[in-house]
1. Give me a count of the residues in segment 711-746 that are in a strand (DSSP E or B), exposed (fewer than 13 other Cβ atoms within 10 Å of the Cβ) and not acidic (Asp, Glu).
2. For ILE677, which of the numbered conditions (1) part of a strand (DSSP E or B); (2) on the phi > 0 side of the Ramachandran plot fails to hold?
3. For segment 521-538, check the following and say yes or no: at least one residue is among the hydroxyl-bearing types (Ser, Thr, Tyr) and open to solvent by less than 30 Å² (accessible area, probe 1.4 Å).
4. Name the single residue, out of those in segment 404-420 being open to solvent by less than 30 Å² (accessible area, probe 1.4 Å) and in a strand (DSSP E or B), that is nearest to GLY462 (Cα to Cα).
5. Which one is nearest to LEU696 (Cα to Cα), of the residues in segment 609-638 that are open to solvent by 70 Å² or more (accessible area, probe 1.4 Å) and out of contact with any Lys or Arg (no Cβ under 8 Å at 6 or more places or on another chain)?
6. If THR142 satisfies every condition in (1) open to solvent by 30 Å² or more (accessible area, probe 1.4 Å); (2) over 20 Å from SER230 (Cα atoms); (3) over 21 Å from the mean Cα position of the chain (by Cα); (4) of a type outside the set (Asp, Glu) but one, which is the exception?
7. When ASP389 is evaluated against the numbered criteria (1) among the acidic types (Asp, Glu); (2) closer than 25 Å to GLY184 by Cβ; (3) out of contact with any strand residue (DSSP E or B) (no Cβ under 6 Å at 6 or more places or on another chain), which criterion, by number, is the only one it fails?
8. Looking at (1) touching a Leu at 6+ places or on another chain (Cβ under 9 Å); (2) assigned to a strand (DSSP E or B), can you tell me which one SER253 breaks?
Amino acid sequence: MSKILLTSILLSLFYISLSQSKRIEAVKTGKSIKIDGDMSDAAWKDAKPITDFITSTPVYGETPQQTTFVKILYDNVAVYVLAHMYTDPANVRKQLTARDDIDFKDVDVFSVGFDTYHDKQNGFLFQVTAAGVQGDARISGTIDNTWDAVWESKVSMKNDGWIAEIKIPFSAIRFSKTPFQTWGIQFTSFSRKTNETSTWAPDDPAVNGTINKWGEWNGLQNITPPLRLSFLPYLSGGIKVSPVGANKITEYSKSGGMDVKYGINESFTLDATLIPDFAQVQSDNIVLNLSPFDIKFTDYRPFFTEGTELFNKAGIFYSRRIGNTPSGSYGVLQLATAAPNYTIIKNPGITRLYNATKFSGRTKHNLGIGILNSLTVPMYAEIRDNSKDSTFRVLTEPLTNYNIIVLDQALKHRSSITFTNTNVLRKGNSRNANVAALDISLYDKKNLHQFFIDGLYSNIWGNEGKYDGYKSDIRFRKVSGKFQYNINAAVISDTYDPNDLGFLRNNNQFNFGTTFSYVTFKPSKNFLNHRYDIGFINLYLYNPFKWQNFVTNSSASFLLKNFWDITAIFQMQPYWSNDYFELRTQGKFLKRAPVYYLDINGSTDSRKKLFVNYDFGYAETPLPKDPYYSGTLGFRYRFSDKFQMNIEAHAETDNMNWGYAYRDAITGQPVVGTRKINTDYSILGGTYNFNPLMNLTVRMRHYWSRVHYANFYDIMDNGYWKDRVFENGHDENFNTFNLDAFYTWNFLLGSRIILSWKNALGADVDIDGLINRTYTKNFTTIFHNPHSNELTLKIIYYIDYLNLHNKKFRRANDIAK
């Protein structure tokens with residue numbers, strides 16, 4: 001009995017110790033430290049070793065197989081971290097990757113994170129791999145890997161493992177100007193051979209959050225935020241040849257501009273880009289869109305992805321709205337196609353920017369403030385009228401100002417209240433927009449539950465009309481522990497419209513639902529962990545208030561002990577539903593049959609040279625001859641630590657897809673068609689990393705979708721249909737092709753050269769679907785049609801004012817001596 005009691009007491013003390021925040025006393029040094037991946041500097045003898053790490057994954061709470069030894073110091077200009085990962089050097093994985101491209105690669109990683117305001121919500125993360133590649137990120141609810149700072153690191157291999165030495169200048173981060181400070185801090189060591197992650201402060205996966213589980217770094221004294229002023233001037237030039245019908249447009253580009261980063265004070269930074277050039281970004285994954293809703297694309301432009309986590313908190317900032325394709329460019333293409341006597345001389349495919357500015361930071365009272373403003377250039381197409389031997393211009397996008405303001409007050413226990421406002425003003429007063437949002441997120445003291453509510457209001461005005469609308473969400477969640485749940489409701493009025501600077505597929509909704517989850521974090525006989533989810537959502541139309549659909553979802557996910565994973569998803573819409581959006585007509589709706597959908601997806605062990613991922617889906621309705629099939633299969637093979645290739649293929653068949661086809665020429669009423677839709681795409685990519693600072697990436701994507709109509713129907717008032725005479729000419733055969741190649745060389749800290757080549761199928765190419773019925777024929781025919789080609793070179797040079805100032809100071813001292 002006494003042994004049982006003693007064991008219980010010891011276990012209780014163990015778990016209590018894990019739940020308490022761990023602490024480090026800060027040590028300031030006056031000795032110099034050379035960042036060379038070696039621990040011989042005398043300063044390191046003054047730092048106390050930190051060794052008490054604990055595993056986080058794949059199993060929480062155990063003693064790590066790999067011992068990690070860390071020391072940390074600071075002086076008046078920087079933080080210094082030394083980490084020694086003790087292991088057999090043969091076990092260290094050292095794949096070369098691009099900067100920030102670290103996750104799921106064959107590489108060991110050491111990380112250090114700082115919560116400089118100690119609000120348990122916002123932080124900075126710095127990573128270095130055993131191959132010497134850097135990664136960094138901003139953390140604020142989500143992890144923003146696009147954020148890049150300028151800092152130093154060096155790694156070296158030893159007989160008993162590997163060493164990482166890091167210097168993070170105070171100019172790279174933000175913190176308050178107070179004499180005595182406490183920061184949140186975390187050290188993490190990841191061994192790829194065992195897939196084991198160990199942390200200094202316990203990171204229990206059963207506890208919701210990230211930064212709230214970090215330890216404390218106490219006693220930082222008399223550190224002064226330095227002047228943060230840097231310049232990134234750039235020069236770029238290129239040539240683009242685009243086919244338009246039987247002609248070609250040749251455009252030469254030459255540009256120069258500058259990014260400026262200025263620390264207004266210890267907490268706030270001003271980022272500005274003047275005459276930016278975003279040609280060196282990946283092409284969009286364009287698809288055939290038969291739905292009534294817009295398609296959302298990923299933004300790859302650094303200025304609009306780096307450090308924008310504050311602007312995204314309300315979910316009403318979609319940065320692709322800024323500098324998107326001019327709204328009138330497609331009309332110009334149609335004009336030139338319809339009128340043979342017109343020749344397009346210039347029709348810009350993107351809207352250029354005069355400038356864009358970000359102001360962001362957080363006060364010592366944890367009030368986050370963010371302001372983003374961008375001014376776009378008015379865009380014109382130039383057209384030649386051959387019959388008159390003259391040219392004229394067509395405005396395709398007016399001068400537009402985009403603005404967003406955010407106030408985010410961090411509260412205790414990870415809670416926050418956030419106000420966001422977006423504003424779009426167009427010259428000529430054609431259409432202007434404003435959206436305001438208030439978000440309140442409250443967590444309890446034990447971090448078990450969250451209550452969230454928001455309210456949003458949109459206002460549109462201008463020559464195109466005036467209207468306003470609103471949206472509100474409310475949810476209550478249990479966020480930690482094995483058993484979790486989520487209860488939510490949302491209302492979106494039929495006139496709510498955030499899409500001038502935000503993204504919303506459709507408004508006019510009222511829905512409520514719930515989800516229940518059971519998560520196991522301890523390994524069982526066959527699994528490292530597994531998760532089960534079940535839930536439902538009931539959807540109504542907001543105006544008029546009518547029922548739309550009832551959907552149930554269930555899933556089961558498993559991580560096997562060999563690090564294979566598998567997930568099964570079953571979705572069911574058991575009742576005939578009412579689709580009020582497909583017909584694009586007010587008051588009309590389409591009856592949809594019940595549907596049952598099963599999806600199986602997963603992947604193999606990503607540590608292996610050959611990695612495979614898969615996703616297979618099947619759906620069925622009570623209607624005859626109506627099965628749906630989809631399959632995706634991807635392979636990645638790592639030839640060496642420098643070179644890897646990947647290929648992904650997708651095939652999808654919807655045998656009886658019901659959807660809007662066209663409008664009756666006489667009545668103007670929508671006509672619905674049943675159609676067989678086959679969609680296939682393939683992606684081939686490769687990356688060669690010459691060294692940690694230089695790489696070449698190539699990506700080729702072909703997408704093919706064909707639509708074959710079988711029947712057409714008129715829709716009755718009750719949503720059901722009646723036959724109508726079949727009409728030819730509505731089938732589609734849609735192809736896109738893109739080849740992107742980027743050579744990047746980071747030749748100095750913060751400085752880089754980017755050489756890019758883009759090849760794409762012409763925008764107005766129409767491949768005959770009757771002749772080219774197979775994927776192979778469509779793919780080969782692509783190369784017999786005109787393509788656009790774009791070659792650009794961009795040189796970016798990083799200038800740090802502090803370095804220039806210090807060099808001048810040292811030079812003056814040398815002259816004086």
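1. Step one: filter segment 711-746 for residues in a strand (DSSP E or B), giving 711-715, 721-723, 732-746.
Right, trim to exposed (fewer than 13 other Cβ atoms within 10 Å of the Cβ) and you get 722-723.
Within this subset, residues satisfying the condition of being not acidic (Asp, Glu) are 722.
The total comes to 1.
2. (2)
3. Taking segment 521-538 and keeping what is among the hydroxyl-bearing types (Ser, Thr, Tyr), we get 524, 532.
Applying the additional criterion that residues be open to solvent by less than 30 Å² (accessible area, probe 1.4 Å) yields none.
So far as segment 521-538 goes, no, none of its residues is among the hydroxyl-bearing types (Ser, Thr, Tyr) and open to solvent by less than 30 Å² (accessible area, probe 1.4 Å).
4. Filtering segment 404-420 for residues open to solvent by less than 30 Å² (accessible area, probe 1.4 Å) gives 404, 406, 408, 410, 415-416, 418, 420.
Within this subset, residues satisfying the condition of being in a strand (DSSP E or B) are 404, 406, 408, 410, 416, 418, 420.
Details: ILE404: 19, VAL406: 25, ASP408: 30, ALA410: 37, SER416: 35, THR418: 28, THR420: 22 Å.
Within segment 404-420, the match that is nearest to GLY462 (Cα to Cα) is ILE404.
5. First, the residues of segment 609-638 that are open to solvent by 70 Å² or more (accessible area, probe 1.4 Å): 609-610, 616, 618, 622, 624-625, 629, 635, 637.
Filter once more, keeping what is out of contact with any Lys or Arg (no Cβ under 8 Å at 6 or more places or on another chain): 616, 618, 622, 624-625, 629, 635.
On the way: PHE616: 32, TYR618: 38, PRO622: 51, PRO624: 50, LYS625: 47, TYR629: 36, PHE635: 20 Å.
Step by step, filter segment 609-638, then rank; the result is PHE635.
6. That leaves (3) as the condition not met.
7. Exception for ASP389: condition (2).
8. (1)
The values are calculated or read from the model by the stated rules, or taken from the named source; none is laboratory data. Please read all numbers here as calculations on a predicted model, not as lab measurements. Note that we place each Cβ from the backbone using ideal geometry, even for glycine, and neighbour counts take in every protein chain shown. Please note that ligands, DNA and RNA were not included when accessible areas were found on the heavy atoms of the full protein model with its side chains. Shrake-Rupley method; radii C 1.70, N 1.55, O 1.52, S 1.80 Å.
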